[in-house]
Amino acid sequence: SERFRRITGHDRLPSVLALAAASRRALFLHGAAGVGKSAVILASGREEALKSVAWGQWREATEKPLPDALADLEVIHLTIPQMEAEDFTGVPWHRRVSAEGAPEDRATSWAPVDFLRRPWPVVLFLDEVNAAELRVQKVLLQIVQERKVFNVSLAPGTVVVLAGNRAQDRAALKTVPFPLGNRCAHYAFEPTAEAWLAWAEGEGLPEGIRAYVAQHREGGLFAYDPDDPSLAQ
């Protein structure tokens, strides 16, 4: 984890997402469970910087004009440990390939899943990647490296974001294959008490809660001890 670049506040993540998207790399966000990784990514489709990058790449690839007001990016959230490789490649079906009057012949095709059929850029959020089976992670490698699944390509400008918990939190993780991890920009998401207090004040959270966090700092936000045998941990 020492090799990761670090994000210490929720407000910094949108700009990091925009930078990763501009470089056409997938972002892999690591962090403890419950610190808000998913919440920030799910809200990222409204961020102007990210929308500008994604729609700009879409316009460059399609040569189609853009409206004055860019539409928000749809965020497609996939919880990867709940999925099988076939959930990405689609279901097989048979189609006739013989000419009329000729003996019937059939070929197998695959019906692509709906999130691959978007003609516009989206934020493809692949959550809990390092808890997925190896077969599924191999599919994710094609998404990250080639921006497609099987023979169906993602729309130009699509932003690919991966997220996962940390190994030290004992979250039933598996090793991410090197070719997959090596093609992502890795960041560790580490919220600080200062960043949380600034957000809490803006949201009008009760003063007692803010005072508790101000006193206990990060331990008041997230105090997980992996060596504690208690099931409550």
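The values are calculated or read from the model by the stated rules, or taken from the named source; none is laboratory data. Predicted, not measured: the structure shown is a model, and the values here were computed from it. Cβ placement follows ideal geometry from the backbone for every residue including glycine, while neighbour counts extend to all protein chains displayed. For the accessible areas, the whole protein counts, side chains as well, though only heavy atoms, and no ligand, DNA or RNA atoms are used. Shrake-Rupley method; radii C 1.70, N 1.55, O 1.52, S 1.80 Å.
Of the residues making up the range 145-157, none is in contact (Cβ under 8 Å) with a residue 40 or more places away in the chain and under 20 Å from Gly31 (Cα atoms).
Of the set (1) open to solvent by less than 80 Å² (accessible area, probe 1.4 Å); (2) of a type outside the set (S, T, N, Q); (3) at pLDDT 90 or above, all apply to Glu60 but (1).
Please go through the range 22-43 and give me each residue that is open to solvent by 10 Å² or more (accessible area, probe 1.4 Å) and either β-branched (Val, Ile, Thr) or in a helix (DSSP H, G or I) (or both), ordered by number. Hits for the range 22-43 are Ala22, Val35, Lys37, Ser38, Ala39, Val40, Leu42.
Residues checked against (1) modelled with pLDDT under 85; (2) within 30 Å of Tyr212 (Cβ to Cβ); (3) crowded, with 17+ Cβ neighbours inside 10 Å:
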position	(1), (2), (3)
Glu104	yes, no, no
Lys138	no, no, no
Val144	no, no, yes
Ala155	no, no, yes
Ala163	no, yes, yes
Gln168	yes, yes, no
Val176	yes, no, yes
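The set of residues in the range 199-221 that are in a helix (DSSP H, G or I) and either of a type in the set (D, E, K, R) or touching a Cys at 6+ places or on another chain (Cβ under 7 Å) (or both) comprises Glu201, Glu203, Glu207, Arg210, Glu218. Of all residues in the range 125-136, those being under 13 Å from the mean Cα position of the chain (by Cα) and either closer than 15 Å to Trp58 by Cα or open to solvent by 40 Å² or more (accessible area, probe 1.4 Å) (or both) number 1. Taking every residue in the range 178-190 that is open to solvent by 40 Å² or more (accessible area, probe 1.4 Å) and pairing it with any residue that is in a loop (DSSP other than H, G, I, E, B) and at pLDDT 90 or above, at least 6 positions away or on another chain, the pairs with Cβ-Cβ distances below 9 Å are Arg183/Arg25.
In the set Ala193, Ala185, Ala155, only one residue is among the aliphatic types (A, V, I, L, M) and over 30 Å from Glu63 (Cβ atoms); that residue is Ala193. Of the residues making up the range 1-21, just one is modelled with pLDDT of 90 or more and open to solvent by 60 Å² or more (accessible area, probe 1.4 Å), namely Leu19.
Listed conditions (1) among the charged types (D, E, K, R); (2) part of a helix (DSSP H, G or I); (3) closer than 30 Å to Pro191 by Cα are all met by Arg59, apart from (3).
Contact annotation: residue pairs with Cβ atoms under 8 Å, 6 or more positions apart or on different chains, pairing a residue in the range 122-134 that is closer than 14 Å to Arg166 by Cα with a partner that is aromatic (Phe, Trp, Tyr) and at pLDDT below 95, are Val129/Phe28.
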